[in-house]
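Read the structure below first, then the notes.
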Amino acid sequence: MSNGEKQLYIGCHLSSANGFLAMGRDALSIGANTFAFFTRNPRGGAAKPVKPDDAAALRALLQEHGFGKLVAHAPYTLNPCAANDKTRDFARLCLQEDLERMEYLPGNYYNFHPGSHVGQGMERGIERIIEVLNEVLSENQSTTVLLETMAGKGSEVGGRFEELAAIREGVRLSGHVGVCLDTCHISDGDYDLIGDFSGVLDEFDRVIGLEHLKALHINDSQNVRGAHKDRHARIGEGAIGLEAIVRVINEPRLRGLPCILETPQDDLAGYAKEIALLRSRYRG
Ligand code: FE
Ligand code: FE
Ligand code: ZN
């Protein structure tokens, strides 16, 4: 991180199937200097134990190559505001375990979808998420947990900045809670990313506080603004378009935040191309 301001930190989701160090090598091979990974199977299930030597080797690689912060991702099945007790128990357990595992890579980010309240109402959903976070966060953790901005599909919590602000404000250790902004999701959520991104950030600042924005998910969307669908597209191949994405990565107020691509690709070469494209459009 020696170049500070001038760096674009960009990467994509990588498979953790071959361990931590393998992800660092994959990242280097595609020109990435940050990345995301699922802490376990994205559909849930047990987590593989971390090998301390593997984690140490990745930490050395990240430092040597000046990586930005990593943005781990919780499984999609995690729903801390489910009505069902068992589903909420899984969310609590999963968050707890994942946060313990994240301490092998201290000081990074752990992003999760706030959840779906399925019929309980937004207010109750938010209360339940706060309850779970108050149980799993600990004073001395080094990881910042990120709430992802959502597309507002179905009964999803987090489609409006106000909902994320309410969660943060309810959490006792709110200093450990930030936000990850997903470009596909906020456009689908009816924020004017294409026409007035600066105004969207003003609103984010007013409602949540820009100092709490810690990471970006950089995706195009298969659908128009306000569609509430959450179907990602490759950069420049969706309704958002390349130029709006280029404005996001060059926004002075977002300097230094890790940018994670979650575009549908067949292989790492697809991500390497997008990373090269966005680097070529970065003005430093
Ligand atoms: Fe996500
Ligand atoms: Fe995302
Ligand atoms: Zn999405």
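The values are calculated or read from the model by the stated rules, or taken from the named source; none is laboratory data. Bear in mind that the values here come from a model prediction, so they are computed numbers and not experimental data. Cβ coordinates were reconstructed from backbone atoms using ideal geometry, including for glycine residues, and neighbour counts include every protein chain displayed. Calculation scope for accessible area: heavy atoms of the full protein, side chains included, ligands and nucleic acids excluded. Shrake-Rupley method; radii C 1.70, N 1.55, O 1.52, S 1.80 Å.
A few comments on the model shown:
- Selection of the range 90-135 for residues being outside any loop (DSSP other than H, G, I, E, B), within 16 Å of ligand 2 (Cβ to nearest atom) and open to solvent by 20 Å² or more (accessible area, probe 1.4 Å) yields Y109, S116.
- Checking G199, G189 one by one, the residue that is free of Cβ contacts under 8 Å to residues at least 60 places away in the same chain and within 16 Å of ligand 2 (Cβ to nearest atom) is G189 and no other.
- Residue match in the range 174-183 (condition: away from ligand 2 (no atom under 14 Å from the Cβ) and within 19 Å of R255 (Cβ to Cβ)): yes
- Taken as a whole, the condition of being within 15 Å of the chain's Cα centre (by Cα) and either modelled with pLDDT under 95 or closer than 30 Å to G236 by Cβ (or both) does not apply to D202.
- S138 passes every criterion in (1) under 18 Å from V224 (Cβ atoms); (2) assigned to a loop (DSSP other than H, G, I, E, B) apart from (1).
- Looking only at the range 213-228, and only at residues there that are within 13 Å of ligand 3 (Cβ to nearest atom) and not in a strand (DSSP E or B), the one that is surrounded by the fewest Cβ atoms within 10 Å (Cβ to Cβ): H228
- Taking each residue of the range 9-20 that is over 10 Å from N33 (Cα atoms) and open to solvent by less than 20 Å² (accessible area, probe 1.4 Å) and looking for partners that are among the β-branched types (V, I, T) and in a loop (DSSP other than H, G, I, E, B) with beta-carbon atoms closer than 7 Å, six or more apart or interchain, yields nothing.
- Test: residue in the range 171-185 that is open to solvent by 10 Å² or more (accessible area, probe 1.4 Å) and either of a type in the set (S, T, Y) or without any contact (Cβ under 8 Å) to a residue 12 or more places away in the chain (or both): yes
- The condition of being in a helix (DSSP H, G or I), of a type in the set (K, R) and away from ligand 3 (no atom under 16 Å from the Cβ) holds for R206.
- Positions within the range 80-120 being touching a strand residue (DSSP E or B) at 6+ places or on another chain (Cβ under 6 Å) and within 16 Å of ligand 3 (Cβ to nearest atom), in sequence order: N111, H113, P114, S116
- The set of residues in the range 234-244 being away from ligand 3 (no atom under 15 Å from the Cβ) and either open to solvent by less than 40 Å² (accessible area, probe 1.4 Å) or not aliphatic (A, V, I, L, M) (or both) consists of G236, E237, G241, E243, A244.
- Test for A55: is it more than 17 Å from the chain's Cα centre (by Cα) and open to solvent by less than 40 Å² (accessible area, probe 1.4 Å): yes
- Restricting attention to the range 20-52, the residues that are over 23 Å from A91 (Cα atoms), more than 15 Å from the chain's Cα centre (by Cα) and not in a helix (DSSP H, G or I) add up to 5.
- For the range 69-78, filtering for residues that are open to solvent by 10 Å² or more (accessible area, probe 1.4 Å) and either outside any loop (DSSP other than H, G, I, E, B) or more than 15 Å from ligand 3 (Cβ to nearest atom) (or both) leaves 1.
- Selected residue (only one of R283, R231, R253 is open to solvent by 80 Å² or more (accessible area, probe 1.4 Å) and within 16 Å of ligand 1 (Cβ to nearest atom)): R231
- The range 22-37: number of residues that are open to solvent by less than 10 Å² (accessible area, probe 1.4 Å) and either within 12 Å of L58 (Cα to Cα) or in contact (Cβ under 8 Å) with a residue 40 or more places away in the chain (or both): 7
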